[in-house]
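The values are calculated or read from the model by the stated rules, or taken from the named source; none is laboratory data. Since this is a predicted model, take the numbers as computed values, not measurements. Cβ placement follows ideal geometry from the backbone for every residue including glycine, while neighbour counts extend to all protein chains displayed.
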């Protein structure tokens, strides 16, 4: 029903995200009572929504979006892979334990890559 309301008069939408929960990939972010969908992209026949639009639209439907750590972050020109790995280390915004990493995305949202926190991999035997 929520998705039908979200689609409204559109012919279709693409809603991309990840699922976390007690039966998903060993429950790396311990959550009791089922699963939760976290959206990170929405595409309509007209265009792809910006991150801010995505958050605004989906929050009104009670749909979670992935946490945004720093929307103004610009990767310094002299950064190396080791610098990015260090930057992604820390606690998750959705559960108080090591975060998996970050997805970096440019403003135009046409380039993205994921940097994994090695501490998360070690802790989760990944």
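Side notes on the structure shown:
- Only residues that are at pLDDT 70 or above and loosely packed, with under 12 Cβ neighbours inside 10 Å were counted across the range 20-59, and they come to 6.
- Counted residues, the range 73-103 - those being within 29 Å of residue 43 (Cα to Cα) and either touching a helix residue (DSSP H, G or I) at 6+ places or on another chain (Cβ under 8 Å) or assigned to a loop (DSSP other than H, G, I, E, B) (or both): 11
- Residue match in the range 59-78 (condition: closer than 30 Å to residue 22 by Cβ, free of Cβ contacts under 8 Å to residues at least 24 places away in the same chain and more than 16 Å from the chain's Cα centre (by Cα)): yes
- Residue check for residue 69: in contact with a strand residue (DSSP E or B) (Cβ under 8 Å, 6 or more places away or on another chain), within 30 Å of residue 7 (Cα to Cα) and part of a loop (DSSP other than H, G, I, E, B): yes
- Condition met for residue 55 (part of a helix (DSSP H, G or I) and in contact with a strand residue (DSSP E or B) (Cβ under 8 Å, 6 or more places away or on another chain)): yes
- Exclusive hit being loosely packed, with under 15 Cβ neighbours inside 10 Å and either within 27 Å of residue 124 (Cβ to Cβ) or not assigned by TED's automatic domain parsing to the domain that holds residue 125 (or both), set 3, 84: 3
- For residue 108, the requirement of being in a loop (DSSP other than H, G, I, E, B) and either touching a strand residue (DSSP E or B) at 6+ places or on another chain (Cβ under 8 Å) or not assigned by TED's automatic domain parsing to the domain that holds residue 48 (or both) is met.
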